[in-house]
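The structure appears below as structure tokens.
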Amino acid sequence: MRALAVAAALLACGIARAEPLVVGPYVQDVRNDGFTVVFETAADVAAETRAGDVRVTTRGTHHEAVVRGLPAATRAKYRVTLGGNDAGGGEVVLPDAARPLTFLVYGDTRNGGPVAAALAKLALEQSPDLVLYTGDIVPDGASERGWATFFADERALLADVPLYPTLGNHEIFHDAGATHFRRYFALPDDGREKLYYHFRFGPAEFIVLEGNAPSPAQTAWLATTLDAAAAAHAAHVFVLVHQPPLSLGDHCGAALDEADWMTRFEQHHVRAVFGGHDHAYERMERRGVRYFVSGGGGAPVYAEKSCAAFDRAAKRSYRPVHHLLRVRVEGTNVEVTALAIGDQAPIDRVRFAGGEPAFAMDAPPLRPAVEARAATTPWTYAGGAIVFVLLGVAVRRRRVR
């Protein structure tokens, strides 16, 4: 019934396709030796997905073909057939730690129409290995039509390039359990259940957080995951979360809710943290960590506003434009380039290397009163103890006399 609803939504949007597929095919969860191909059909049918000598059969209306056993560090072509008829396919780049890595970051399309289509075209031109999506894919998480529109707009890109999303607040609007998000995305590391996850792609470790509901359990998981990445000598660690810790957009930053996360980013020298939520491009810096906001995927852009002192102090760039980020990783070097639709020149570019000097270390505290009290608490306890002992001695002497 779900696939039929999607088919009806596609017809209503004027984006129905001749073949029996109503969504996809699109790539998920790329591993060293394979990937998962997801697609939906209007009817309960048998399908076959072939990649090289590997063949995977599926049946139903929602299909997830888990392809494994491919040669590592290669380009792998795949095709989907229904009843012997070709239904589409693509070509996937498998991870290779020995070569440069290019990934894109953008989000907040919310069915952005021509803007979203133009960004998808721009994204294809960058030949990325993967896409990090900063959330708010659809305006209404329960809308079959919204999801169908997204996958139709992004079809050419997602047939070849794996999408790794973070959960936005709009994905749980009218769908508190994120059932559609869980349905469409085959996430690694039990991400469907937890809604936060991590994965390794080539030389980089990626950590995807769930910013709608930060919890002690998620913070403990983050600490363990960062420790494991350090023990494995991951050359680069990148973090994705919908609600950015620092921002000067309409929502301002979520630093007070994510302060424990930020402390760990600093301790583990995370290379960059990417967020969305505010519809603009932003580059922020705080205590040795770079924060980027990329929420310019199609929703109306936000003008800069006045936020907390720690948000203002972190600002390096703010541009209320529709855009995407291209991130290139080569050796110990990282280059982040912000590209706007139709602009020949980048709107911003920053390069950083491993072992660079500390920067932005004089940032204002997140919680001035709390941090100031924490800094003075040991002295207060010590002073209190001394006073207590001296009073005790004085009383004892008075009694002796």
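Give, as a single signed number, the net charge of other residues whose beta carbon lies under 15 Å from the beta carbon of E282, with Lys and Arg counted +1 and Asp and Glu -1.
So the environment of E282 carries a net charge of +2.
Spatial offset of the stretch 229-262 relative to the stretch 61-89 amounts to 35 Å, using the alpha carbon center of each. Express the carbon and sulfur contribution to the solvent-accessible surface of the chain as a percent, rounded to the nearest whole number, probe 1.4 angstrom. Carbon with sulfur: 55 percent of the solvent-accessible area. Out of these labelled values of percent of Cα pairs over 28 Å apart, [x] 42; [y] 49; [z] 46, which was calculated from the coordinates shown here? Computed from these coordinates, percent of Cα pairs over 28 Å apart corresponds to label [y]. In terms of the mean number of neighbouring beta-carbon atoms within 10 Å, the peptides 263-275, 287-299 order highest first as 287-299, 263-275.
Averaged over its residues, the chain has an accessible area of 43 Å² per residue, based on protein heavy atoms and a 1.4 Å probe.
For the peptides 43-55, 205-217, the ranking by mean Cβ contacts within 10 Å, running from highest to lowest, is 205-217, 43-55. Treating each Cα of the stretch 232-309 as an identical point scatterer and ignoring solvent, apply the Debye formula and state log10 I(q)/I(0) at q = 0.14, 0.17, 0.28 Å⁻¹. Debye intensities relative to I(0), on a log10 scale: -0.43, -0.61, -1.39. So which lysines can K315 reach, going by Cα to Cα under 30 Å and dropping same-chain residues fewer than 8 places off? Filter leaves K121, K305.
Using the average count of surrounding beta-carbon atoms within 10 Å as a protection proxy, the listed peptides 173-182, 227-236, 317-326, 244-253 rank, highest first, as 244-253, 317-326, 173-182, 227-236. Net charge around S215, counting only other residues with Cβ within less than 15 Å of its Cβ (Lys, Arg = +1; Asp, Glu = -1)? Here the count lands on -3.
The values are calculated or read from the model by the stated rules, or taken from the named source; none is laboratory data. The model shown is predicted, which means the values in this text are computed figures rather than measured ones. Here Cβ is always computed from backbone atoms with ideal geometry, including for glycine, and neighbour counts include all displayed protein chains. Keep in mind that these areas ignore ligands, DNA and RNA; they rest on the heavy atoms of the full protein, side chains included. Shrake-Rupley method; radii C 1.70, N 1.55, O 1.52, S 1.80 Å.
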